[in-house]
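One structure below.
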Amino acid sequence: MIRIDKRILNFVVIVLLSFFTFCWTFFIFHMPIDYKVIVGVIIVRMLASRFILRDYSLSWSKASQKTFLIKSFVYSVAFFIYMPFFYGEVRISFMVSELLLYLFSINFLMYAYYYYVNKSKIIKTKRVVIYGAGRAGVKLENEFASSEYKVECFLDDDSSVQNSSIDSIRIFSAHEFKKRCKEKYDLLVIAMPSSSNKRVKEIYEELRECFIEIQVLPSLDEILKDKAFSKQLKDISVEDLLARNPQDLDKKQIERFIKDKTILVTGAGGSIGSEICRQCEKYGAKELILLDNSEFNLYVILEELHDVRAIPVMQSVVDKELLDETFAKYRPDIVIHAAAYKHVPLVEANVYEGILNNIIGTKNIIDISIKYNVQKVVMISTDKAVRPTNVMGATKRICELYAQNVGASLENTNRKNTDIVAVRFGNVLGSSGSVIPKFKKQIEEGGPITVTHPAITRYFMLIPEACELVLQAASIGHGGEIFILDMGEPIKIVDLAKKMLELSGRDDIEIIFSGLRPGEKLYEELLIDESDAQTEYESITVAKPTFYDIAKLNKDIEELLVSENKLQKLLEIVPEFSHQKNEVK
């Protein structure tokens with residue numbers, strides 16, 4: 001079969017189409033056909049197509065808006081070249097009319113060819129509705145054109161676009177759509193990458209009964225511009241529904257705090273520590289010292305960090321001599337102490353190790369930071385430190401007391417160069433050891449889902465949200481503060497389990513109650529008393545300071561390490577400690 005170069009076909013189109021448009025225009029103007037004019041214009045148009053913006057080589061099957069603009073520009077330039085030669089011989093109105101007809105015809109032919117070549121041959125078997133008639137929604141509509149999904153309509157919150165259409169596809173409000181919905185559609189796509197998770201949750205709750213499946217486009221921070229949007233859609237998750245999106249997140253303040261600093265992160269491979277590292281990279285840290293005693297965790301986070309100098313240090317916070325060498329070598333400006341044993345039942349079973357790692361590890365980090373004049377130390381604390389009922393919470397409360405009082409003891413010395421603050425918050429979604437990964441695994445295995453108690457509640461926040469607020473709180477600290485992050489309302493764990501079952505489409509899995517574990521309490525608190533102080537940010541408050549003589553605290557910690565009754569000694573240091581054994585029979 002003979003194949004003709006498409007560039008030659010371009011010139012053939014110019015000849016045939018110009019001849020047609022001229023003949024039609026001569027007819028409309030009741031003028032005899034002037035072949036000299038036609039030939040002259042065709043020659044100029046062919047030369048313009050050859051030498052201006054490589055118009056002659058443009059692919060019609062890959063046409064875009066830019067292609068149409070190039071065509072219009074090239075032939076408009078040609079008009080200004082040939083028009084002077086025919087001035088006085090042919091009316092200007094005649095030549096302008098012919099040009100407009102030619103531009104319309106060639107762009108129409110090109111679009112018709114593009115549509116014919118690219119029209120999907122796939123049979124549409126599924127129905128999709130796109131929530132969001134903005135750029136993301138329109139891009140998805142174009143991508144769905146070559147898939148098994150037929151876009152039935154758009155939904156949008158903007159009343160100015162409702163009842164209009166995009167490519168003949170109607171745009172409705174959610175309320176109007178619900179009234180029209182008679183049966184379930186296959187898929188709802190929430191294509192609003194700039195919307196809050198609160199709005200996503202509202203849409204889900206309002207429309208879930210109308211769809212078999214609901215997917216969401218990632219946020220603007222996560223979306224990949226060079227990848228098809230339809231390939232980035234993800235199932236709506238419990239994290240999407242529980243995320244809070246704090247409105248007073250001050251990214252400029254965080255950047256001023258982090259940018260061009262050398263930052264040492266302990267527990268750098270853990271759930272919180274690794275996200276702190278990502279945020280430090282994002283906000284322009286000069287150098288990251290990643291300190292963790294887990295080889296695998298260090299390797300994983302190191303592989304993620306590409307835009308910052310990251311130095312892995314495989315050490316334990318308990319080894320003071322090695323820590324001293326690390327601080328002497330790298331001289332960090334900021335230390336973020338995220339290393340801790342946090343799993344309540346495991347620390348209950350390993351009391352000495354919990355005390356050693358949490359209390360002595362924190363004390364080592366703070367003491368060495370003071371020795372090397374670190375500008376700021378940020379200790380990650382937990383809501384379990386408030387009126388603790390378990391060993392882990394009690395150890396973290398002692399860490400808070402040390403962080404709050406050791407700085408005060410240096411006020412009257414020349415060594416007060418280090419600001420030490422603690423940041424207290426609740427559970428983070430998806431962290432190692434949290435209920436969400438556990439529930440996901442139980443659902444995948446077919447159940448049952450185990451919840452300790454029908455009334456148990458917890459505070460939840462997304463890891464990235466919590467870590468950004470940690471950095472924001474740290475940036476405004478002057479030393480001695482315990483900052484508390486606003487975690488919103490506590491959530492019943494049984495309701496969380498039910499929501500995850502609903503999202504997974506599994507109504508055949510049972511929820512069973514296994515009883516409270518050792519050290520576990522029904523609800524967590526963030527304040528020991530209500531005398532907290534507001535900061536300039538609504539999402540961050542400051543707990544009332546608790547005085548504890550630092551010399552006595554150091555002596556008590558030494559005694560705790562060698563005490564035979566460590567629980568009794570913990571109670572002496574933390575009087576509000578009420579140990580709950582919760583022995584399951």
Scan Y149, Y102, Y113 and give me the residue that is within 30 Å of V77 (Cβ to Cβ), of a type in the set (S, T, Y) and open to solvent by 30 Å² or more (accessible area, probe 1.4 Å).
Y113
So the check is Cβ under 6 Å with 6+ separation or different chains; which pairs have a first residue in the stretch 374-390 that's in contact (Cβ under 8 Å) with a residue 24 or more places away in the chain and within 18 Å of P518 (Cα to Cα) and a second one that's of a type in the set (S, T, Y) and part of a helix (DSSP H, G or I)?
none
Within the stretch 116-140, the residues that are out of contact with any strand residue (DSSP E or B) (no Cβ under 6 Å at 6 or more places or on another chain) and either among the polar types (S, T, N, Q) or open to solvent by 70 Å² or more (accessible area, probe 1.4 Å) (or both) are Y116, N118, K119, S120, K121, I122, I123, T125, R135, K139
Would you please list the contacts, defined by Cβ atoms under 7 Å and residues six or more apart or on different chains, that run from a residue in the stretch 551-572 that is closer than 17 Å to I366 by Cβ to a residue that is among the polar types (S, T, N, Q) and open to solvent by less than 60 Å² (accessible area, probe 1.4 Å)?
L553/N405
Provide a single number: the residues in the stretch 291-345 that are touching a residue at least 60 places away in the same chain (Cβ under 8 Å) and either of a type in the set (A, V, I, L, M) or surrounded by 22 or more Cβ atoms within 10 Å (Cβ to Cβ) (or both).
10
Could you identify the single residue in G426, G393 that is at pLDDT 85 or above, within 32 Å of the chain's Cα centre (by Cα) and of a type in the set (G, A, S)?
G393
V386 is checked against (1) surrounded by fewer than 21 Cβ atoms within 10 Å (Cβ to Cβ); (2) modelled with pLDDT under 90 and fails just one. What number does that condition carry?
(1)
Which of the residues spanning the stretch 454-468 are among the charged types (D, E, K, R) and either within 21 Å of M379 (Cβ to Cβ) or not in a strand (DSSP E or B) (or both)?
E465, E468
What are the residues in the stretch 50-91 that are hydrophobic (A, V, I, L, M, F, W, C), open to solvent by less than 20 Å² (accessible area, probe 1.4 Å) and within 47 Å of the chain's Cα centre (by Cα), if any?
A63, V74
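Okay, residues lined up against (1) free of Cβ contacts under 8 Å to residues at least 40 places away in the same chain; (2) farther than 21 Å from N118 by Cβ; (3) not hydroxyl-bearing (S, T, Y):
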| position | (1), (2), (3) |
| --- | --- |
| L9 | yes, no, yes |
| I33 | yes, yes, yes |
| I42 | yes, yes, yes |
| S49 | yes, yes, no |
| L53 | yes, yes, yes |
| S61 | no, no, no |
| T67 | no, no, no |
If you check F20 against the conditions, is it out of contact with any Pro (no Cβ under 8 Å at 6 or more places or on another chain), in contact (Cβ under 8 Å) with a residue 40 or more places away in the chain, open to solvent by 60 Å² or more (accessible area, probe 1.4 Å) and assigned to a helix (DSSP H, G or I)?
yes
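Considering each residue of the stretch 532-556, count those that are assigned to a loop (DSSP other than H, G, I, E, B) and either modelled with pLDDT of 75 or more or open to solvent by 60 Å² or more (accessible area, probe 1.4 Å) (or both), and give that number.
Count: 11.
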Determine, yes or no, whether K499 is open to solvent by 50 Å² or more (accessible area, probe 1.4 Å) and either modelled with pLDDT of 85 or more or assigned to a helix (DSSP H, G or I) (or both).
no
Being of a type in the set (D, E), out of contact with any Leu (no Cβ under 8 Å at 6 or more places or on another chain) and crowded, with 18+ Cβ neighbours inside 10 Å is the requirement here; does E481 meet it?
yes
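The values are calculated or read from the model by the stated rules, or taken from the named source; none is laboratory data. Here the structure is a predicted model, which means the values were calculated and not measured. When we count neighbours, we look across all protein chains shown, and the Cβ atoms used for this are built from the backbone with ideal geometry, even at glycine. Accessible surface is based on the protein model in full, side chains and every heavy atom, while ligands, DNA and RNA are left aside. Shrake-Rupley method; radii C 1.70, N 1.55, O 1.52, S 1.80 Å.
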